[in-house]
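Please read the structure below before turning to the comments.
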Amino acid sequence: MQVKLGCGLVILAVLVVACEQDQMAPTPPSLGRRGALVTAQDSADALEAHSGAGIGIQSHQSSGVVAIHAGDMAVVTVVSASTARCESVGVFGVISQTLFSGVGSCGGVGRSTMIGPAPTDGSLFFALTSSSRSQALVDGQFPDYTVRLDDGLFDADFDDVILSVKIRTPCPPGSSGDAVLDALEASVGLVDALSTSRPDLPPGSRREVGGLVWQRADGTFFTSIVPPGPGTTECRFDGNFAEAGRRPPEPGAVAVAKFHTHPHLHDDPVYGCASAGGTRFAQFPGDRGQVPRARPDQNGGGSPRDWDEGTSDGFPMYVINAAGRVYRLDPGVPSDQRAANPNKWEQTAPTEACFRRPP
Amino acid sequence: MMLARALRDMLGASLLAAVFAAPAPLAERPQASSRCGTDPVVQTLVLNGVRRILTSADEEGLRTRLGIAGLSADAALSVSDARVCARAAQRINYLDGDNRRDRMVYVVEVGSVRAVHDPSFQLGEWSPLVFFDSHWKVLETLLAF
C-alpha cells in the first residue's frame, strides 16, 4: 500500500523519495491482508529493484509481478506458446527456479508445475530466461493470474508464452484421504476445469470439460485438459481420452485417472442433450422441445456412460459438479451399487482446491 | 411381355405361400411382445429412484410440479402390464427419434403419473427418467441415471 500510494501520488517530493526508498528495499510491493493482494502492474519499478538486487536478469523489463504469501504455493501452467523460438521460463523473487525448458516451437503447451511454499511474503517475477530482453505483463487478481511473456524481439505482443499462475494455500495433509485430491496441483486442475465449464453462467451457456490426471516419476500428480470433441455440450463431454492418454504432457508422466465436469446444480435445466436418433430436446434456451433437468448427485455422481465407458479401461473417473462435489467412479462397480458410491468429497470453500469427506 | 407376366405370377404365388407359412404376427404373440423390462437390478433402481423422489427433501419442487406431493414411498409401484409398457415404449421411441420394435422399458406408477426408464435410451451422456401424465404427455425428464 505504501508503494502504491507513494508511486501514485507524485505530488510531494517527500513521497517520491519515500517511493524510491521502498523500491530499493527487498520487500516486494502490494502485499496487504490475505484476499486483498493486487498485482504490481502499477509498480513496474519493483522488479528493477529486485533485478538490481541480484536476482539475475539484469535487463529484464517486466511490468508485472504476482504477490504471494508465506507458505502459499503457486501452480503454473503453460496455456499457450506463439513463438518460433524454443524458450525457457523461470521465476524469480521469493522463489527462484527454472520452471520449464523447451516451450514454444518445441512444444510445452499444457505443462504444469507447482512451486513453493513461499518462504516469506513477497513477489514472483516471471521471465523467458532464454531471452535477455524478456518482458512480462500480468492480468488478473489474487489468487488467479495470467502472465504474458514476450521475448522482447521484434513485436511486443506479449503472447510468446502465456502462463496461468494460481496461488493456493496448501490443504491440510491428507484432508481428503484421496491421493489425487490431496495433491494440490491436481486438485487445482479439477477446480480449474469446473471453472472453465462456467457453472456461473445460465444453463445453455455451460460446457462439460474433461481431462486426465497424470503421475510423474517422483509420485506427484498433475492434470491436463483433453480437447473437447464436436459433440461436447453441457450434457456430454465428447473428448478423446484414449488419444490424449498417449501423449504425456511431460516425458515419463503416466496417466492414472480421468476427470470431467458436470456444470449443473440439482434441478438445473440442461440444454444440448441429443439422443441417437435425432432429438426432441431443446438444444439451447428458447429451442423447441423438452428441457431435461439435472440430478448431478444421483447414481453415485456419474451417468451410466461415466461409469461404464469412462472406467472401462481400468482408470477411475473423477467427476466434479457445480456444487463443488467430487465423485470418484471406480471401475467395475455394479450398477446396483453405484447410487451408494462412498467415494464422495466436497470442496472446503469455493475458492479453495481442498476437499473433505462430507459430514 | 409374356416373360413379365410369368414372373409376376411366380412372385405372387411365392408371396401367398410365404404369408400362409409365416408365424402369427408379432402383435398377436402373447408374452414375446411385452415391452416391460425384466432385469431385476434395473427394476429396483427405477423403483428406488422414484421412491427417493417421493421422500427426499430436495425433491419437493419436483413433487409439486408432478402433482404427487403428499404421497408416500409405498405409492410407487412397478408396472408389468404389457399394454402400459407398449405405450411407454412407443412414447420413448418418439422422444428418442428411433422407432425401435425391441425397446424394453421399466415403468413405475405413482398416482396418475408414470415414470419410464429405458437404459438404452441415451440422452447426451445420460439415461433419463421420463415422467408422463395419464395421457402420456411428458411432464418432466430427469437426467437421473
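Once you have a ≥ b ≥ c as the square roots of the Cα gyration tensor eigenvalues for segment A:258-359, tell me rounded if a/c is under 1.5, and otherwise prolate or oblate according to whether a/b is larger than b/c. Oblate, since a/c reaches 1.5 and b/c is not below a/b. When the charge dipole of segment A:106-232 is built from unit charges on Cβ atoms (+1 for Lys and Arg, -1 for Asp and Glu) and taken about the Cα centre, the candidate among A:202, A:138, A:113 whose Cα reaches farthest toward its positive end is A:202. Please compute, over every Cα-Cα pair in segment A:134-278, the percentage with a separation greater than 18 angstrom. Everything past 18 Å amounts to 67 percent. A straight Cα-to-Cα reach below 13 Å connects residue A:166 with the aspartates and glutamates A:72, A:139, A:144, A:185, A:192, A:352, residues fewer than 8 places away in its own chain not being considered. Amide H contacts of residue A:256: A:213, A:214, A:215, each under 5 Å away and 5 or more positions distant or on a separate chain (H built 1.01 Å from N in the peptide plane; Pro and chain starts excluded). In sequence order, segment A:251-260 has phi-based couplings of x, x, 6, 10, 5, 10, 6, 10, 8, 7 Hz under the Karplus curve 6.51 cos²θ - 1.76 cosθ + 1.60, θ = phi - 60°, and Gly or Pro positions carry x. Summing +1 for each Lys or Arg and -1 for each Asp or Glu among the other residues whose beta-carbon sits under 12 angstrom from that of residue B:140 gives +3. Summary of the geometry: segment A:154-193 and segment B:34-76, compared by the centres of their Cα atoms, lie 41 Å apart. Per residue, the convex hull spanned by the Cα atoms of segment B:50-145 amounts to 91 cubic angstrom.
In segment A:110-197, the C-alpha radius of gyration followed by the widest Cα-Cα span (Dmax) gives 15.5, 51 angstrom.
Read the figures in this text as sums done on the coordinates, not as results from a lab. Here the structure is a predicted model, which means the values were calculated and not measured. Ideal geometry is used to build each Cβ from the backbone, glycine not excepted, and the neighbour counts take in all protein chains shown.
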